[in-house]
Every structure is written in C-alpha cells, then in structure tokens.
Amino acid sequence: MKLITAVVKPHRLDEIKEALQAFGVHGLTVTEASGYGRQRGHTEVYRGAEYTVDLVPKIRIEVLVEDDDAEQLIDVVVKAARTGKIGDGKVWSIPVETAVRVRTGERGPDAL
Amino acid sequence: MAPAITLAAEAPKLSAANTGFMLICSALVMLMTPGLAFFYGGMVRVKSTLNMLMMSFISLGIVTILWVLYGFSMAFGTDSGSLIGWNSDWVGLTGVDKGELWGTYNIPLLAFMVFQLMFAIITPALISGALADRVKFSAWALFIALWATIVYFPVAHWVWGEGGWAFDMGVIDFAGGTAVHINAGAAALGVILVIGKRVGFKKDPMRPHSLPLVMLGAGLLWFGWFGFNAGSWLGNDDGVGTLMFVNTQIATAAAMLAWLAYEKIRHGAFTTLGAASGAVAGLVAITPAGGSVTPMGAIAVGAIAGVLCAMAVGLKYKFGFDDSLDVVGVHLVGGVVGSVLIGFFASGKGQSEATGVFYGDHKFDQLWKQLAGVGGVLAYSLIVSAILAFVIHKTIGMRVSEDEEVTGIDQAEHAETAYDFSGAGGGAAKTAVTAPVAAAASKKVDA
C-alpha cells in the first residue's frame, strides 16, 4: 500500500474529490494546512504597515491506495489540482506497512 | 454649552421631549463603549481579544461608580479657581431631587448627569487601544480610577463646567474634541512612553485578527456618536442639535472617503481597516466643531482629518513608540484637527456668533482660543498620565511578564480563550477532577 499526500490550493478540493471518486477511491482525509513553496507568501497592508504573510492557506489531502494504483492516482490528483500558476502545491507518496479498518478489524488492502 | 433658551423671567419647566431625547442619547453613548471594545478587539491578535474587550468594558463599571460618588460633583459642581468643581449635594447624588432641573435647562439634573457619565466612561476606554496585549488588568483598573479622578473630571470641568478656564475663555468644544479625544489621545501617548513597546513591535506581524469585528465596532461607534454629538446641546428647542447631527454624518462620510483615497494612492488598496479608521477620524474631528461649521465646512473638516490621521498613524513606526491601535494617530490628531479647524471654519451661524478666519471679519481670535484649549488639555493630560503610569509601573507594575505577553494575555489575565474552534476540546471540566462523586453521578462532562 501507499499513502498519497497532496498539499494543494484550497479551491481545487472539489475537482480533486470528484476526480478521485471517478477513479474509484472510497475515502480520503482532508486537513486545512498552511505553508509556502517557491511562491512564498503575499503582502498585506494595515494602516500603512506592510506585513509579509509567509504562510498561505493550503489543504492537505491524504489517500491510501494499493501499490499498483499509486502512480496512476498521483496523476489523477496532479491533473485535478493543476492551475498552471505558481503555488499549485506538491503531491508525494510513501509506502505504508499496514492499515486496519477499525469497525471490522480487516487488515491490509481489504481495509481500504 | 448651550445658552438658556427660556425667557429670563420665566423659570424653565421640564420638557418631556427634551428629556426623552437626552435619555435616548445617553443610551446611544453608552453603546459606544462596547462598540469601541469591538473596534479595538478586532484589531489585536487573537490571543489578546478578550483583554482588549475587557479594558473598555470595565470602564462601564468603575467610572459609573466614581461618577456617582464624586465625579459629577468634581466636573460640574461650583467652580473653585477655574480648575475644579464641587457640590456636596451631588456626592452620591444624595441631595438630588428626581424632578430637579439642570441649571437653566428644561431637562432633569439626573438626565444631564447620566448623559455626561457616558462620556466619562468612554474617555478612559479610548486610551486602552494604545496599550494592547501587555497591561496587567489590575493595573489598568487602578489606572482608570485614578485617571478619571485626576485627569478626566478636572478637564471636563475646565471645558464644560461653568467657571472652568477653557469654558470662560470661550474655547469651543461642542461634544468633546478636547475633553474626550485630545485628552485620551495625549494620555495614551504619556502612558506608552512609560510602559514601552509590545514584545516584537516592528518585528513580528501584528495583523488584526478580525476585521469584521472592527467594522461592527466602527458601525456601533458611528451610530452611538449621533447621541454623543447631537445630545450635547441638551435639547432641541432650536436647530443647533440637528445641525450637529447632520454635520456628524457629513464629516464622517468625507473622512472615510479621504482616508480611502489616501491609502489607495499611497498603498494601493481600499482597506476595510482604512474605511473604519477614516470614519472614526471624521467622527472625532467633527465632535468639537459640528455646532460651529456649515455642512460644507463639515466636508472640509472631515476630509482634512481623514488625510491627516491616515498620515499620522505611520508616525509610530518612524519614532518607535508603540501606539498599538493608533489612539494618538486617530484621537489625538483628529481631536486637534477638529478643534483647531473651528478657528478657521466657524461660520458664526451655529452654536455661537464666534467666527473663524474664513468667515466674518477674518479674525484669528477664535483660533488662538482653540489653540489655548488644545495646548492646555494636551499638556496636562500627557504629563499627568505619564506620571500616573510611572507611579503604578514602579509599585504594582503596569505590564504582564514577557512570557505571559507572548503566550497571550487572555489566558494569563482572564483565564479564557476568545474562540474555541476545536471539535475535540482536549480537556476535562475541573469539577470532574475535584469532585469525582458528582461527575460520576451525572456521567457527563461538558468539555
């Protein structure tokens, strides 16, 4: 199994969710996150005082998949998340040893 | 204040209309203090929201009691030496009859007393904006009590009390440009010079945590300010109070637009904070002047105040004093602008026949009077407030520890958090720990 993590622009969430559903993913976890990459932050002005806001809002999406689906699923996420502008985010995967469905106790790929 | 409207031979009779108007105006001015609390509360970082709200709110408690006990007597009692008033019948309001009229006016003394109380409440609350994030609540409460006694009550007497030096000189301050705004702004400057900057000033980002709260506060201030300004004529037997009401709206509109235009040109955006601040700057500036200027004059006063205050809020970074929420930049500067502009724009057709440089015989007389009033109040408040803060700072201490300030003054001083957005909670009710029997019986812990 693999854990796919995507840190992307918040407004892409719906597209990504729909694309994942079409792909056959049954569940995912979404967290509100903040961070910066190459685009850095932005500037805000309050009563003439400029603030550089380094951390910009992002969402972090996590999906568990079987090894064979991983590369294809990454492509699906990247396609749905892309706007072509700076700050689109990152997607990565890491191997997962095991997963358990809490309600039934099923293990491994059956738990997905 | 207003001259007597009644004929000399006839004793005034209570006017139900004016009395009703004054009680409504008192309630409007009361609402300004919670409004101010929101205006300031939205501007601080999330960790000091409650402290900022409380610094204003506590004034409703402390000053009310002091005003009833001796404040009203000090401000409006019989003058001694043009400096202070006293009337032992008014101490604790023990000798006041409910139907007794205020001087030569046709409203009850009690109505005048409670209207003026609301001014005494908001003035120290205004100072709190300069002291955000860092002042011990007990020290602040003590400061309010002492400041009201040593600074506000005497200054209100100078400006509005019969026999006060500024009143006798003919300084025009319709509703509190000097007594309220210059007074509070100068005090704020005096206190921050003593207690110093917030940890991380000019280094850490200190963005407003909730601009909607700031807008709500500004809206409440604008609304309540009609009572503050129009009510200060103490009745509607002539058109002066209405002129004041109208000019309040006009100057505020002009100031908001002027501030927004300035910052659009200077910084590239129309900000909500700019709109809210500009409105307040206009309200401050028209406060002394609205009974003297024409509606076109009100546009000028508002626009000038909007631009000058927008420029003034940058001074703290230049000079390195941490006027956290710009009490000096908005209230001191706005108050000075409004008070001084009377010397130029007084038309002679409003509250008095006094004319400014641009009207009548183009004389500077009123301008000199205005400058004397501004200078006297500014200097007294600045110096005495600084001494007061110094004494408190050296005894019980004005500031929370650096650790408490960085962690958040809300938790340190009030044991509360402004917002709880966590679904999980992550704690347990203390009763569950100290009273296990009761908790076991109810089997419910509200976390």
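When the charge dipole of chain A is built from unit charges on Cβ atoms (+1 for Lys and Arg, -1 for Asp and Glu) and taken about the Cα centre, the candidate among A:Tyr51, A:Ala19, A:Ile86 whose Cα reaches farthest toward its positive end is A:Tyr51. A simple rule links phi to the HN-Hα coupling: the Karplus curve 6.51 cos²θ - 1.76 cosθ + 1.60 with θ = phi - 60°, which for segment A:25-30 gives 7, 8, x, 7, 10, 10 Hz, with x for Gly and Pro.
Counting partner chain Cβ atoms within 10 Å of every residue's Cβ in B:305-318, what's the average?
Mean partner shielding for this stretch: 1.
Using the Cβ-Cβ distance between B:Ile387 and B:Thr417 with R0 set to 30 Å, the FRET efficiency from 1/(1 + (r/R0)^6) comes to roughly 0.25. Taking B:Gly92, B:Gly71, B:Gly356 as the candidate residues, the one with maximal mean-square fluctuation in a Gaussian network model of chain B, Cα springs under 10 Å, is B:Gly92.
Listed by Cβ neighbour count within 10 Å, with the fewest neighbours leading, B:Asp326, B:Asp238, B:Asp403, B:Asp79 appear as B:Asp403, B:Asp238, B:Asp79, B:Asp326. Pairs with C-alpha atoms separated by more than 27 Å, drawn from the list A:Lys58/A:Lys79; B:Lys47/B:Lys203; A:Lys85/B:Lys318; A:Lys58/B:Lys264; B:Lys98/B:Lys369; B:Lys202/B:Lys264, are A:Lys85/B:Lys318; A:Lys58/B:Lys264; B:Lys98/B:Lys369. Across chain B, Cα-Cα pairs farther apart than 36 Å form 27% of the total. Of A:Val63, A:Val8, A:Leu73, whose Cα points farthest to the positive end of the dipole of chain A (charges on the beta-carbon: +1 Lys, Arg; -1 Asp, Glu; origin at the Cα centre)? Final value for the positive-end residue is A:Val8. Springs between Cα atoms under 10 Å define the GNM used for chain B, and in it the highest mean-square fluctuation of B:Val240, B:Val337, B:Val284 occurs at B:Val240.
Between segment B:169-187 and segment B:88-114, the C-alpha centres lie 24 angstrom from each other. Within the straight-line cut-off of under 25 Å between alpha carbons, the lysines reachable from B:Lys363 are B:Lys349, sequence neighbours fewer than 8 places apart in one chain being disregarded.
The order of B:Lys264, A:Lys58, B:Lys394, going from fewest to most other C-beta atoms within 10 Å of their C-beta, is B:Lys394, B:Lys264, A:Lys58. Each label point was placed 7 Å from the Cα along the Cα-to-Cβ direction; for B:Glu353 and B:Ala27 their separation is 4.0 nm.
What is the mean number of Cβ atoms from other protein chains located within 10 Å of the Cβ atom of each residue in peptide B:268-279, rounded to a whole number?
Details: counts 2, 2, 0, 5, 1, 4, 4, 0, 0, 2, 0, 0.
Neighbouring Cβ atoms belonging to other protein chains average 2 per residue here.
Segment A:1-56 and segment B:284-323 have Cα centres lying 42 Å from one another. Counting every other Cβ atom within 10 Å of each residue's Cβ, A:Thr83, B:Thr294 order from fewest to most as A:Thr83, B:Thr294.
Placing a label point 7 Å from the Cα of B:Lys363 along the Cα-to-Cβ direction, the residues of segment B:124-167 whose backbone N falls under 20 Å of that point are B:166-167.
Hey, in the GNM for chain B with a 10 angstrom Cα cutoff, which one of B:Ala254, B:Ala279, B:Ala27 fluctuates hardest? The residue with the greatest mean-square fluctuation here is B:Ala27. Remark: mean inter-chain Cβ contacts per residue of A:47-60 equal 4, using a 10 Å Cβ-Cβ cutoff to other protein chain atoms. Distance from the C-alpha centroid of segment B:336-414 to that of segment B:240-263: 20 Å, rounded to the whole angstrom.
A short reminder: the numbers here are calculations on the coordinates, not readings from a lab. Note that the structure is predicted; figures quoted are calculated from it, not measured. So basically every Cβ, Gly included, is an ideal-geometry build from the backbone, and we count neighbours across all protein chains shown.
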